[in-house]
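The values are calculated or read from the model by the stated rules, or taken from the named source; none is laboratory data. The shown structure was predicted, so the numbers you read here are calculated from the model rather than taken from an experiment. Virtual Cβ from ideal backbone geometry, glycine too; neighbours counted across all protein chains shown. Surface areas here come from the heavy atoms of the whole protein model, side chains and all, with no ligands, DNA or RNA. Shrake-Rupley method; radii C 1.70, N 1.55, O 1.52, S 1.80 Å.
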Amino acid sequence: MGVEILSQLEQIVCVNHMRSVFCLEERDISMELLQLVEKFKDIIDVSKIEDAVDELKTKLLNDNECKKLCEDWISICPDLTKDYMQMIFQYYFADRKEKKQDYTPKSLATAVAELSKNEDEKICLDLCAGSGALTIQKWNKNNNLKFICKEYDRRVIPFLLFNLAIRNIDAEVVHCDVLADETFKVYRTKKGDRFATVTEIGKSEFKADVCISNPPYNMKWEQPVFAQLQNRFSQCEIPPESNANYAFVLTALNEIKSKASFILPNGILSTDNKKEKQIKKYLVEMNFIESIILCPDKMFEVTSIPTCIITFNKNKQHSTVEMIDLRQKYEIEQRMQNGQYGGASHTNRTYAKEVKIITESQVQDVLLQIEQRGNVAGYCKSVSIEEIKNNDYVLIPSRYIDFDTVEEVHRPYVDIVNDLNRVIAEKNTCKLTINETIAKSIGFDVETLKQDNSTSDGLSELTEKLCGKKIVKSDYFRTTKKKNEIVFSNNSKENISSIFMLIFNMWKQHIYYLNIEENRYLVELRDALLPELMSGKIDLSDIQTESEGVQ
(Lines give C-alpha, C1' and ligand atoms only; values in the text may rest on other atoms or scores of the structure.)
Protein backbone atom coordinates (compact mmCIF):
# COMPACT_ATOMS: atom_id res chain seq x y z
CA MET A 1 0.00 0.00 0.00
CA GLY A 2 2.80 2.40 0.98
CA VAL A 3 4.66 1.75 -2.28
CA GLU A 4 1.47 2.35 -4.29
CA ILE A 5 0.81 5.66 -2.53
CA LEU A 6 4.40 6.85 -3.04
CA SER A 7 4.14 5.85 -6.69
CA GLN A 8 0.86 7.76 -7.02
CA LEU A 9 2.38 10.80 -5.32
CA GLU A 10 5.35 10.58 -7.70
CA GLN A 11 2.98 10.48 -10.67
CA ILE A 12 1.09 13.55 -9.42
CA VAL A 13 4.37 15.45 -8.99
CA CYS A 14 5.48 14.24 -12.41
CA VAL A 15 2.25 15.44 -14.06
CA ASN A 16 2.59 18.86 -12.39
CA HIS A 17 6.24 19.04 -13.42
CA MET A 18 5.43 18.07 -17.01
CA ARG A 19 2.71 20.69 -17.14
CA SER A 20 5.11 23.37 -15.87
CA VAL A 21 8.01 22.42 -18.12
CA PHE A 22 5.65 22.17 -21.09
CA CYS A 23 5.35 25.95 -21.20
CA LEU A 24 9.10 26.67 -21.41
CA GLU A 25 10.20 27.59 -24.92
CA GLU A 26 13.77 26.93 -26.03
CA ARG A 27 15.14 28.80 -29.02
CA ASP A 28 18.77 27.62 -29.11
CA ILE A 29 18.46 24.16 -30.66
CA SER A 30 20.69 22.29 -33.11
CA MET A 31 17.96 20.47 -35.03
CA GLU A 32 14.24 20.95 -34.50
CA LEU A 33 12.20 17.81 -35.00
CA LEU A 34 9.98 19.36 -37.67
CA GLN A 35 13.00 20.72 -39.52
CA LEU A 36 14.62 17.28 -39.31
CA VAL A 37 11.48 15.60 -40.67
CA GLU A 38 11.29 18.00 -43.62
CA LYS A 39 14.88 17.18 -44.56
CA PHE A 40 14.17 13.47 -44.14
CA LYS A 41 11.13 13.69 -46.43
CA ASP A 42 13.19 15.56 -49.01
CA ILE A 43 15.93 12.95 -49.29
CA ILE A 44 13.50 10.02 -49.61
CA ASP A 45 11.24 12.10 -51.88
CA VAL A 46 7.86 11.86 -50.09
CA SER A 47 5.38 14.64 -49.36
CA LYS A 48 3.81 12.96 -46.30
CA ILE A 49 5.72 11.33 -43.45
CA GLU A 50 3.17 8.49 -43.46
CA ASP A 51 4.60 7.37 -46.83
CA ALA A 52 8.16 7.17 -45.50
CA VAL A 53 8.06 3.53 -44.33
CA ASP A 54 7.54 1.82 -47.68
CA GLU A 55 9.48 4.34 -49.77
CA LEU A 56 12.52 4.18 -47.48
CA LYS A 57 12.58 0.38 -47.60
CA THR A 58 12.30 0.35 -51.42
CA LYS A 59 15.20 2.76 -51.81
CA LEU A 60 17.41 0.91 -49.31
CA LEU A 61 17.06 -2.35 -51.24
CA ASN A 62 18.47 -0.64 -54.35
CA ASP A 63 22.28 -0.33 -54.03
CA ASN A 64 22.61 2.98 -55.91
CA GLU A 65 19.66 4.64 -54.20
CA CYS A 66 20.79 3.31 -50.81
CA LYS A 67 24.23 4.87 -51.29
CA LYS A 68 22.72 8.21 -52.34
CA LEU A 69 20.34 8.18 -49.33
CA CYS A 70 23.26 7.59 -46.98
CA GLU A 71 25.38 10.35 -48.56
CA ASP A 72 22.50 12.84 -48.44
CA TRP A 73 21.74 12.03 -44.81
CA ILE A 74 25.37 12.22 -43.65
CA SER A 75 25.59 15.69 -45.18
CA ILE A 76 22.65 16.75 -42.99
CA CYS A 77 23.40 14.77 -39.79
CA PRO A 78 27.09 13.82 -39.67
CA ASP A 79 27.05 12.86 -35.95
CA LEU A 80 26.58 9.09 -36.03
CA THR A 81 26.49 8.82 -32.22
CA LYS A 82 22.92 10.21 -32.30
CA ASP A 83 19.88 8.21 -33.37
CA TYR A 84 17.83 10.74 -35.35
CA MET A 85 15.72 7.94 -36.81
CA GLN A 86 14.49 7.20 -33.29
CA MET A 87 13.29 10.80 -32.89
CA ILE A 88 11.28 10.63 -36.10
CA PHE A 89 9.78 7.18 -35.54
CA GLN A 90 8.91 7.76 -31.88
CA TYR A 91 7.07 11.01 -32.64
CA TYR A 92 5.13 9.90 -35.71
CA PHE A 93 4.79 6.12 -35.59
CA ALA A 94 5.33 4.68 -32.06
CA ASP A 95 2.49 2.54 -30.73
CA ARG A 96 2.25 3.02 -26.94
CA LYS A 97 -1.06 1.22 -26.51
CA GLU A 98 -0.64 -2.14 -28.26
CA LYS A 99 3.11 -2.58 -28.70
CA LYS A 100 4.25 -0.68 -25.59
CA GLN A 101 6.84 1.21 -27.65
CA ASP A 102 8.98 3.50 -25.51
CA TYR A 103 12.30 4.02 -27.22
CA THR A 104 15.50 3.91 -25.20
CA PRO A 105 17.23 7.09 -23.95
CA LYS A 106 20.87 7.35 -25.01
CA SER A 107 22.30 7.20 -21.48
CA LEU A 108 20.48 3.93 -20.73
CA ALA A 109 21.56 2.50 -24.09
CA THR A 110 25.17 3.43 -23.28
CA ALA A 111 24.93 1.79 -19.85
CA VAL A 112 23.57 -1.43 -21.37
CA ALA A 113 26.34 -1.41 -24.00
CA GLU A 114 28.99 -1.30 -21.24
CA LEU A 115 27.30 -3.77 -18.89
CA SER A 116 26.91 -6.40 -21.60
CA LYS A 117 30.55 -6.16 -22.68
CA ASN A 118 32.46 -9.42 -22.85
CA GLU A 119 36.12 -9.97 -23.78
CA ASP A 120 35.32 -12.47 -26.54
CA GLU A 121 32.24 -10.76 -27.97
CA LYS A 122 32.01 -10.75 -31.76
CA ILE A 123 28.28 -10.86 -32.45
CA CYS A 124 25.63 -9.02 -30.40
CA LEU A 125 21.91 -9.76 -30.36
CA ASP A 126 19.61 -6.74 -29.99
CA LEU A 127 16.27 -8.24 -28.94
CA CYS A 128 13.36 -5.89 -29.76
CA ALA A 129 15.73 -3.57 -31.59
CA GLY A 130 13.30 -0.79 -32.57
CA SER A 131 15.16 1.81 -34.64
CA GLY A 132 18.49 0.56 -33.24
CA ALA A 133 19.20 2.86 -30.26
CA LEU A 134 20.90 0.10 -28.24
CA THR A 135 22.78 -1.27 -31.25
CA ILE A 136 24.15 2.19 -32.09
CA GLN A 137 25.59 2.72 -28.61
CA LYS A 138 27.00 -0.83 -28.51
CA TRP A 139 28.59 -0.20 -31.91
CA ASN A 140 29.99 3.13 -30.64
CA LYS A 141 31.93 1.11 -28.04
CA ASN A 142 33.17 -1.47 -30.55
CA ASN A 143 33.02 -0.77 -34.31
CA ASN A 144 34.13 -4.34 -35.10
CA LEU A 145 31.01 -6.00 -33.72
CA LYS A 146 28.42 -7.70 -35.89
CA PHE A 147 24.76 -7.55 -34.87
CA ILE A 148 21.55 -9.53 -35.00
CA CYS A 149 18.67 -7.08 -34.67
CA LYS A 150 15.32 -8.75 -34.03
CA GLU A 151 12.17 -6.63 -34.31
CA TYR A 152 8.43 -7.29 -34.56
CA ASP A 153 7.09 -3.97 -35.88
CA ARG A 154 7.20 -3.91 -39.70
CA ARG A 155 7.06 -0.12 -39.80
CA VAL A 156 10.28 0.46 -37.88
CA ILE A 157 12.34 -2.06 -39.92
CA PRO A 158 13.27 0.50 -42.69
CA PHE A 159 14.39 3.02 -40.05
CA LEU A 160 16.53 0.33 -38.42
CA LEU A 161 18.05 -0.73 -41.76
CA PHE A 162 18.83 2.91 -42.58
CA ASN A 163 20.54 3.41 -39.22
CA LEU A 164 22.72 0.36 -39.85
CA ALA A 165 23.50 1.28 -43.48
CA ILE A 166 24.67 4.85 -42.78
CA ARG A 167 27.00 3.53 -40.04
CA ASN A 168 28.35 0.73 -42.23
CA ILE A 169 27.37 -1.88 -39.64
CA ASP A 170 27.55 -5.57 -40.52
CA ALA A 171 24.24 -6.97 -39.31
CA GLU A 172 21.24 -9.18 -39.82
CA VAL A 173 17.82 -7.62 -39.28
CA VAL A 174 15.25 -10.27 -38.49
CA HIS A 175 11.62 -9.24 -38.85
CA CYS A 176 10.06 -11.73 -36.46
CA ASP A 177 7.91 -12.48 -33.44
CA VAL A 178 10.56 -13.57 -30.93
CA LEU A 179 7.98 -14.79 -28.40
CA ALA A 180 6.14 -16.96 -30.92
CA ASP A 181 9.49 -18.02 -32.45
CA GLU A 182 8.21 -17.04 -35.90
CA THR A 183 10.36 -15.33 -38.57
CA PHE A 184 8.78 -13.28 -41.38
CA LYS A 185 11.76 -11.85 -43.29
CA VAL A 186 15.53 -11.52 -42.85
CA TYR A 187 17.68 -8.67 -44.19
CA ARG A 188 21.44 -8.25 -44.29
CA THR A 189 23.36 -5.01 -44.04
CA LYS A 190 26.77 -5.94 -45.40
CA LYS A 191 29.73 -3.73 -44.57
CA GLY A 192 31.15 -1.80 -47.54
CA ASP A 193 33.78 0.87 -48.18
CA ARG A 194 31.73 3.62 -46.58
CA PHE A 195 28.11 2.48 -46.26
CA ALA A 196 26.53 -0.94 -45.86
CA THR A 197 24.43 -2.46 -48.62
CA VAL A 198 20.96 -3.82 -47.80
CA THR A 199 19.64 -7.11 -49.17
CA GLU A 200 16.89 -9.57 -48.27
CA ILE A 201 18.26 -13.03 -47.45
CA GLY A 202 16.74 -16.44 -46.86
CA LYS A 203 17.53 -17.09 -43.20
CA SER A 204 19.60 -15.87 -40.28
CA GLU A 205 23.15 -17.17 -40.21
CA PHE A 206 24.72 -15.38 -37.20
CA LYS A 207 24.94 -16.79 -33.67
CA ALA A 208 25.17 -14.26 -30.84
CA ASP A 209 27.69 -14.00 -28.02
CA VAL A 210 25.96 -11.27 -25.99
CA CYS A 211 22.54 -9.62 -25.88
CA ILE A 212 21.20 -6.12 -25.29
CA SER A 213 17.48 -5.43 -24.92
CA ASN A 214 14.79 -2.97 -23.92
CA PRO A 215 11.68 -5.08 -24.61
CA PRO A 216 8.04 -3.93 -24.37
CA TYR A 217 7.07 -3.80 -20.68
CA ASN A 218 4.36 -5.94 -19.06
CA MET A 219 3.00 -7.05 -22.43
CA LYS A 220 0.50 -9.88 -22.81
CA TRP A 221 1.58 -12.77 -25.02
CA GLU A 222 0.39 -16.14 -26.22
CA GLN A 223 2.39 -19.23 -25.29
CA PRO A 224 3.42 -21.22 -28.37
CA VAL A 225 2.19 -24.78 -28.79
CA PHE A 226 4.41 -27.27 -26.91
CA ALA A 227 6.28 -24.36 -25.32
CA GLN A 228 7.59 -26.60 -22.53
CA LEU A 229 9.53 -28.61 -25.14
CA GLN A 230 11.42 -25.54 -26.35
CA ASN A 231 14.95 -25.11 -24.97
CA ARG A 232 14.25 -21.65 -23.59
CA PHE A 233 11.45 -22.92 -21.31
CA SER A 234 12.43 -26.56 -20.76
CA GLN A 235 14.32 -26.01 -17.49
CA CYS A 236 11.82 -23.77 -15.70
CA GLU A 237 8.25 -22.46 -15.64
CA ILE A 238 6.73 -20.92 -18.77
CA PRO A 239 6.08 -17.21 -18.06
CA PRO A 240 2.38 -16.33 -17.58
CA GLU A 241 0.51 -15.09 -20.64
CA SER A 242 -0.47 -11.98 -18.68
CA ASN A 243 3.14 -10.71 -18.73
CA ALA A 244 5.94 -11.39 -21.21
CA ASN A 245 8.83 -9.79 -19.28
CA TYR A 246 10.49 -13.08 -18.34
CA ALA A 247 9.61 -14.63 -21.71
CA PHE A 248 11.94 -12.09 -23.35
CA VAL A 249 14.68 -12.81 -20.78
CA LEU A 250 14.52 -16.61 -21.18
CA THR A 251 14.43 -16.28 -24.97
CA ALA A 252 17.61 -14.20 -24.95
CA LEU A 253 19.48 -16.49 -22.55
CA ASN A 254 18.72 -19.40 -24.83
CA GLU A 255 20.29 -17.64 -27.83
CA ILE A 256 23.59 -16.34 -26.41
CA LYS A 257 26.87 -17.69 -25.05
CA SER A 258 27.65 -15.25 -22.24
CA LYS A 259 26.04 -11.94 -21.20
CA ALA A 260 22.65 -10.25 -21.60
CA SER A 261 21.76 -6.78 -20.29
CA PHE A 262 18.06 -5.92 -20.09
CA ILE A 263 16.21 -2.71 -19.26
CA LEU A 264 13.06 -3.87 -17.47
CA PRO A 265 10.26 -2.50 -15.24
CA ASN A 266 10.95 -2.68 -11.50
CA GLY A 267 7.90 -4.89 -11.00
CA ILE A 268 9.92 -7.83 -12.31
CA LEU A 269 12.05 -7.73 -9.14
CA SER A 270 9.26 -8.37 -6.63
CA THR A 271 6.46 -10.06 -8.56
CA ASP A 272 4.08 -12.27 -6.57
CA ASN A 273 2.98 -14.27 -9.60
CA LYS A 274 3.72 -17.94 -8.81
CA LYS A 275 5.21 -18.73 -12.21
CA GLU A 276 7.38 -15.63 -12.22
CA LYS A 277 8.62 -16.40 -8.69
CA GLN A 278 9.67 -19.83 -9.89
CA ILE A 279 11.54 -18.25 -12.82
CA LYS A 280 13.31 -15.85 -10.43
CA LYS A 281 14.29 -18.81 -8.29
CA TYR A 282 15.63 -20.64 -11.35
CA LEU A 283 17.73 -17.63 -12.47
CA VAL A 284 19.15 -17.11 -8.98
CA GLU A 285 19.99 -20.76 -8.35
CA MET A 286 21.52 -21.16 -11.80
CA ASN A 287 23.75 -18.22 -10.82
CA PHE A 288 22.83 -16.32 -13.99
CA ILE A 289 22.27 -12.87 -12.41
CA GLU A 290 25.40 -10.71 -12.31
CA SER A 291 23.98 -7.32 -11.31
CA ILE A 292 20.72 -5.47 -10.69
CA ILE A 293 20.64 -1.68 -10.96
CA LEU A 294 17.73 0.51 -9.88
CA CYS A 295 17.55 3.45 -12.33
CA PRO A 296 16.41 7.02 -11.62
CA ASP A 297 12.81 7.81 -12.51
CA LYS A 298 11.85 10.11 -15.42
CA MET A 299 14.54 8.83 -17.77
CA PHE A 300 12.08 8.06 -20.56
CA GLU A 301 10.27 10.80 -22.45
CA VAL A 302 6.84 9.17 -22.66
CA THR A 303 6.53 6.81 -19.70
CA SER A 304 7.00 7.15 -15.94
CA ILE A 305 7.34 3.39 -15.27
CA PRO A 306 10.26 2.85 -12.82
CA THR A 307 12.97 0.78 -14.48
CA CYS A 308 16.03 -1.29 -13.66
CA ILE A 309 18.93 -2.84 -15.60
CA ILE A 310 19.52 -6.55 -15.00
CA THR A 311 22.69 -8.12 -16.39
CA PHE A 312 22.75 -11.89 -16.78
CA ASN A 313 25.99 -13.83 -17.14
CA LYS A 314 26.00 -17.53 -18.01
CA ASN A 315 29.74 -17.79 -17.21
CA LYS A 316 30.00 -16.19 -13.76
CA GLN A 317 33.02 -17.18 -11.67
CA HIS A 318 31.46 -16.26 -8.29
CA SER A 319 28.11 -16.73 -6.57
CA THR A 320 27.08 -13.18 -5.62
CA VAL A 321 24.82 -10.57 -7.21
CA GLU A 322 25.86 -6.91 -7.21
CA MET A 323 22.88 -4.83 -6.06
CA ILE A 324 23.14 -1.13 -7.03
CA ASP A 325 20.81 1.80 -6.36
CA LEU A 326 21.24 4.71 -8.81
CA ARG A 327 17.93 6.40 -8.06
CA GLN A 328 19.61 9.40 -6.45
CA LYS A 329 22.67 9.44 -8.72
CA TYR A 330 21.77 11.26 -11.93
CA GLU A 331 22.08 14.50 -13.82
CA ILE A 332 19.35 16.55 -15.46
CA GLU A 333 19.38 16.99 -19.21
CA GLN A 334 17.14 19.35 -21.13
CA ARG A 335 15.71 17.98 -24.37
CA MET A 336 13.76 19.72 -27.07
CA GLN A 337 10.26 18.52 -27.92
CA ASN A 338 7.75 19.99 -30.33
CA GLY A 339 4.16 20.47 -29.17
CA GLN A 340 2.17 17.27 -29.58
CA TYR A 341 -1.35 18.60 -30.02
CA GLY A 342 -3.10 21.23 -32.05
CA GLY A 343 -2.38 23.23 -35.15
CA ALA A 344 0.77 24.70 -36.63
CA SER A 345 0.97 27.52 -34.07
CA HIS A 346 1.52 24.88 -31.40
CA THR A 347 3.31 22.02 -33.17
CA ASN A 348 5.78 24.44 -34.76
CA ARG A 349 6.94 25.51 -31.31
CA THR A 350 9.70 23.60 -29.55
CA TYR A 351 9.55 23.14 -25.81
CA ALA A 352 12.19 22.26 -23.25
CA LYS A 353 11.67 19.03 -21.34
CA GLU A 354 13.82 17.86 -18.43
CA VAL A 355 14.83 14.20 -18.14
CA LYS A 356 17.29 12.37 -15.89
CA ILE A 357 20.41 10.72 -17.29
CA ILE A 358 23.16 8.41 -16.06
CA THR A 359 26.57 9.85 -16.93
CA GLU A 360 29.49 7.94 -18.43
CA SER A 361 31.49 8.36 -15.20
CA GLN A 362 28.62 6.87 -13.18
CA VAL A 363 28.48 3.90 -15.55
CA GLN A 364 32.23 3.38 -15.15
CA ASP A 365 31.88 3.43 -11.37
CA VAL A 366 29.06 0.87 -11.60
CA LEU A 367 31.35 -1.40 -13.66
CA LEU A 368 34.06 -1.00 -11.03
CA GLN A 369 31.68 -1.94 -8.20
CA ILE A 370 30.52 -5.02 -10.12
CA GLU A 371 34.10 -6.10 -10.78
CA GLN A 372 35.23 -5.54 -7.17
CA ARG A 373 31.93 -6.74 -5.65
CA GLY A 374 31.65 -3.45 -3.83
CA ASN A 375 29.78 -2.67 -0.61
CA VAL A 376 29.05 1.04 -0.18
CA ALA A 377 26.33 2.20 2.22
CA GLY A 378 23.36 3.69 0.41
CA TYR A 379 24.77 2.72 -2.98
CA CYS A 380 25.67 -0.93 -3.55
CA LYS A 381 26.17 -4.35 -1.98
CA SER A 382 27.45 -7.72 -3.13
CA VAL A 383 24.74 -10.18 -2.06
CA SER A 384 25.17 -13.95 -1.82
CA ILE A 385 22.73 -16.36 -3.42
CA GLU A 386 22.03 -17.74 0.05
CA GLU A 387 20.93 -14.30 1.29
CA ILE A 388 18.61 -13.91 -1.72
CA LYS A 389 17.11 -17.35 -0.95
CA ASN A 390 16.50 -16.26 2.65
CA ASN A 391 14.61 -13.21 1.33
CA ASP A 392 12.24 -15.39 -0.72
CA TYR A 393 14.08 -14.51 -3.97
CA VAL A 394 13.09 -10.84 -3.83
CA LEU A 395 15.55 -9.00 -6.10
CA ILE A 396 14.98 -5.37 -5.08
CA PRO A 397 18.44 -3.86 -4.36
CA SER A 398 17.15 -1.60 -1.56
CA ARG A 399 16.14 -4.74 0.37
CA TYR A 400 19.83 -5.62 0.74
CA ILE A 401 21.81 -2.36 0.59
CA ASP A 402 22.77 -0.84 3.95
CA PHE A 403 21.55 2.73 4.35
CA ASP A 404 22.85 5.27 6.85
CA THR A 405 19.85 6.34 8.91
CA VAL A 406 19.59 10.10 9.10
CA GLU A 407 16.53 11.58 10.76
CA GLU A 408 15.08 14.16 8.40
CA VAL A 409 13.42 17.23 9.85
CA HIS A 410 10.31 18.35 7.99
CA ARG A 411 7.36 20.64 8.59
CA PRO A 412 4.33 19.15 10.33
CA TYR A 413 2.20 17.14 7.91
CA VAL A 414 -0.83 19.29 8.71
CA ASP A 415 1.00 22.44 7.56
CA ILE A 416 2.13 20.78 4.33
CA VAL A 417 -1.38 19.48 3.57
CA ASN A 418 -2.96 22.85 4.45
CA ASP A 419 -0.64 24.62 1.97
CA LEU A 420 -1.29 21.93 -0.63
CA ASN A 421 -5.06 22.27 -0.20
CA ARG A 422 -4.85 26.06 -0.37
CA VAL A 423 -3.15 25.87 -3.77
CA ILE A 424 -5.53 23.19 -5.10
CA ALA A 425 -8.55 25.19 -3.86
CA GLU A 426 -7.29 28.29 -5.69
CA LYS A 427 -6.93 26.23 -8.88
CA ASN A 428 -10.42 24.79 -8.43
CA THR A 429 -12.06 28.19 -7.95
CA CYS A 430 -11.75 28.93 -11.67
CA LYS A 431 -13.07 25.95 -13.64
CA LEU A 432 -12.77 25.66 -17.41
CA THR A 433 -15.25 23.54 -19.37
CA ILE A 434 -14.16 23.28 -23.00
CA ASN A 435 -14.90 21.26 -26.11
CA GLU A 436 -12.16 18.61 -26.34
CA THR A 437 -11.44 19.19 -30.01
CA ILE A 438 -11.00 22.92 -29.44
CA ALA A 439 -8.77 22.28 -26.43
CA LYS A 440 -6.43 20.11 -28.49
CA SER A 441 -6.48 22.48 -31.47
CA ILE A 442 -5.23 25.39 -29.34
CA GLY A 443 -2.49 23.35 -27.69
CA PHE A 444 -3.94 21.96 -24.44
CA ASP A 445 -2.28 18.75 -23.23
CA VAL A 446 -5.70 17.27 -22.47
CA GLU A 447 -4.52 13.90 -21.12
CA THR A 448 -2.12 15.53 -18.65
CA LEU A 449 -4.83 17.90 -17.42
CA LYS A 450 -7.25 15.00 -16.98
CA GLN A 451 -4.65 13.13 -14.93
CA ASP A 452 -4.30 16.09 -12.61
CA ASN A 453 -8.04 15.89 -11.88
CA SER A 454 -7.63 12.32 -10.57
CA THR A 455 -6.06 12.85 -7.14
CA SER A 456 -5.03 9.63 -5.37
CA ASP A 457 -7.61 8.43 -2.84
CA GLY A 458 -4.92 6.34 -1.16
CA LEU A 459 -2.69 9.37 -0.62
CA SER A 460 -5.64 11.37 0.72
CA GLU A 461 -6.48 8.61 3.19
CA LEU A 462 -2.85 8.50 4.33
CA THR A 463 -2.70 12.24 5.03
CA GLU A 464 -5.99 12.00 6.94
CA LYS A 465 -4.46 9.28 9.09
CA LEU A 466 -1.26 11.29 9.65
CA CYS A 467 -2.75 14.69 10.43
CA GLY A 468 -6.53 14.48 10.18
CA LYS A 469 -6.65 16.31 6.86
CA LYS A 470 -7.57 14.93 3.44
CA ILE A 471 -6.10 16.32 0.23
CA VAL A 472 -8.68 18.25 -1.75
CA LYS A 473 -9.47 16.80 -5.17
CA SER A 474 -8.53 18.84 -8.22
CA ASP A 475 -11.56 20.04 -10.19
CA TYR A 476 -10.54 22.87 -12.49
CA PHE A 477 -10.73 21.36 -15.96
CA ARG A 478 -13.36 19.39 -17.86
CA THR A 479 -13.79 18.51 -21.51
CA THR A 480 -17.14 18.31 -23.27
CA LYS A 481 -18.43 17.05 -26.60
CA LYS A 482 -20.69 20.10 -27.07
CA LYS A 483 -19.65 21.90 -30.22
CA ASN A 484 -17.62 25.09 -29.64
CA GLU A 485 -18.41 25.17 -25.91
CA ILE A 486 -15.96 27.18 -23.79
CA VAL A 487 -17.13 28.13 -20.29
CA PHE A 488 -15.19 29.64 -17.38
CA SER A 489 -17.12 29.32 -14.11
CA ASN A 490 -16.43 30.41 -10.55
CA ASN A 491 -16.36 27.07 -8.75
CA SER A 492 -16.57 28.34 -5.16
CA LYS A 493 -19.41 29.78 -3.05
CA GLU A 494 -16.96 31.48 -0.68
CA ASN A 495 -14.38 33.05 -2.97
CA ILE A 496 -13.93 34.54 -6.41
CA SER A 497 -10.80 33.41 -8.20
CA SER A 498 -8.17 36.09 -8.63
CA ILE A 499 -7.86 35.09 -12.27
CA PHE A 500 -11.37 36.45 -12.88
CA MET A 501 -10.15 39.95 -11.94
CA LEU A 502 -7.60 39.64 -14.74
CA ILE A 503 -10.30 38.37 -17.10
CA PHE A 504 -12.68 41.18 -16.07
CA ASN A 505 -10.05 43.87 -16.64
CA MET A 506 -9.19 42.41 -20.04
CA TRP A 507 -12.91 42.14 -20.86
CA LYS A 508 -13.57 45.77 -19.88
CA GLN A 509 -10.59 46.97 -21.87
CA HIS A 510 -11.68 44.96 -24.89
CA ILE A 511 -15.32 46.17 -24.64
CA TYR A 512 -14.04 49.76 -24.31
CA TYR A 513 -12.02 49.30 -27.51
CA LEU A 514 -14.99 47.72 -29.33
CA ASN A 515 -17.33 50.53 -28.18
CA ILE A 516 -14.98 53.06 -29.73
CA GLU A 517 -14.87 51.04 -32.93
CA GLU A 518 -18.68 50.70 -32.90
CA ASN A 519 -19.13 54.45 -32.48
CA ARG A 520 -16.69 55.13 -35.33
CA TYR A 521 -18.71 53.02 -37.74
CA LEU A 522 -22.03 54.43 -36.43
CA VAL A 523 -20.77 57.95 -37.19
CA GLU A 524 -19.66 56.79 -40.64
CA LEU A 525 -23.13 55.27 -41.23
CA ARG A 526 -24.86 58.46 -39.99
CA ASP A 527 -22.78 60.67 -42.26
CA ALA A 528 -23.52 58.42 -45.23
CA LEU A 529 -27.28 58.29 -44.52
CA LEU A 530 -27.95 61.93 -43.63
CA PRO A 531 -27.67 63.63 -47.05
CA GLU A 532 -29.57 60.82 -48.81
CA LEU A 533 -32.38 60.91 -46.22
CA MET A 534 -32.63 64.72 -46.42
CA SER A 535 -32.81 64.62 -50.23
CA GLY A 536 -35.47 61.89 -50.21
CA LYS A 537 -33.21 59.54 -52.13
CA ILE A 538 -33.89 56.88 -49.51
CA ASP A 539 -37.63 56.12 -49.12
CA LEU A 540 -38.66 55.43 -45.49
CA SER A 541 -42.39 54.96 -46.14
CA ASP A 542 -42.29 51.16 -45.98
CA ILE A 543 -40.04 50.95 -42.91
CA GLN A 544 -41.88 50.49 -39.61
CA THR A 545 -40.16 52.12 -36.63
CA GLU A 546 -40.07 50.44 -33.26
CA SER A 547 -42.58 52.93 -31.76
CA GLU A 548 -45.04 52.40 -34.57
CA GLY A 549 -44.92 48.68 -34.08
CA VAL A 550 -46.02 48.89 -30.45
CA GLN A 551 -49.77 48.42 -29.81
- Item | Simple spin-label estimate for GLU71 and SER398 in nanometres, 7 Å along Cα-Cβ | 5.6
- Item | Segment SER242-ARG327, length gained on full extension (0.36 nm per residue, minus Cα span) | 27.8 nm
- Obtain the nm distance between the two label points defined at ASN390 and ALA180 by a simple spin-label model: each point lies 7 Å from its Cα along the Cα-to-C-beta direction. 4.7
- Item | In Hz, Karplus ³J(HN,Hα) per residue of the range 216-230 (6.51, -1.76, 1.60; θ = phi - 60°; x = Gly, Pro) | x, 8, 6, 8, 6, 8, 10, 5, x, 4, 6, 4, 5, 7, 6
- Task: Note down the accessible area of HIS175, probe 1.4 Å, to the nearest 10 Å².
- Result: 20
- Tell me the chymotrypsin sites (Phe, Trp or Tyr not before Pro) within the range 225-300 that lie in a loop according to DSSP and have at most 11 other beta-carbon atoms within 10 Å. PHE226
- Task: With a 1.4 Å probe and every protein chain kept in, tell me what percent of the accessible surface of the range 102-170 is carbon plus sulfur.
- Result: 41
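Rounded to a whole number, what % of the accessible area of the range 213-257 do carbon and sulfur atoms account for, probe 1.4 Å? List each step's numbers first, then the result.
Details: 1000 of 2070 Å².
Result for the range 213-257: 48 percent of the exposed heavy-atom area is carbon or sulfur.
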- Once phi for every residue in the range 49-58 is put through the Karplus expression 6.51 cos²θ - 1.76 cosθ + 1.60 (θ = phi - 60°), the whole-Hz ³J(HN,Hα) values, with Gly and Pro written as x, are 4, 4, 8, 5, 4, 6, 5, 5, 4, 4
- Task: Quick one: which residues, 5 or more positions from GLU322 or on another chain, have an amide H under 5 Å from its amide H? H modelled 1.01 Å from N in the peptide plane, none for Pro or chain starts.
- Result: SER291, ILE292, VAL383
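Using a 1.4 Å probe, what is the accessible area per residue for the range 160-213, in Å²?
Spelled out: the 1.4 Å probe surface of the range 160-213, per residue, equals 41 Å².
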- For the range 184-200, Karplus couplings with θ = phi - 60° (6.51, -1.76, 1.60), whole Hz, Gly/Pro x: 9, 8, 10, 10, 10, 9, 9, 4, x, 5, 10, 10, 7, 8, 10, 9, 8
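Looking at the range 138-224 only, what percent of DSSP beta bridges run antiparallel? Nearest 5 please. Display every interim value, and only then the final one.
Values: 12 of 17 bridges.
Here the antiparallel bridges make up roughly 70 percent for the range 138-224.
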- Once you have the Cα-Cα distance between ASN118 and THR433, take 0.36 nm times their residue separation minus that, and quote the gain in nm to one decimal. 107.6 nm
- Message: Please compute the length gained on full extension between LYS482 and VAL423, using 0.36 nm multiplied by the number of residues separating them and subtracting their Cα-Cα distance.
- Response: 18.3 nm
- Message: Could you sort ILE486, ILE289, ILE76 by their accessible area in this structure, using a 1.4 Å probe and putting the largest first?
- Response: ILE486, ILE76, ILE289
- Note on the structure: With TYR330 itself left out, Lys, Arg at +1 and Asp, Glu at -1 over residues whose Cβ is under 10 Å from its Cβ give +1
- Task: Counting other Cβ atoms within 10 Å, keep those with at most 11, restrict to DSSP loop, and tell me which GluC sites (Glu not before Pro) in the range 112-142 are left.
- Result: GLU119
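For the full complex of protein chains and a 1.4 angstrom probe, list ASP404, ASP419 by accessible area with the highest value first. Working shown, then result.
On the way: ASP404 120, ASP419 55 Å².
Largest accessible area first, the list is ASP404, ASP419.
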- Query: CYS308's amide H: which non-local residues (gap 5+, or another chain) put their own amide H closer than 5 Å, with H modeled 1.01 Å from N in plane and none for Pro or chain starts?
  - Reply: LEU264, ASN266, CYS295
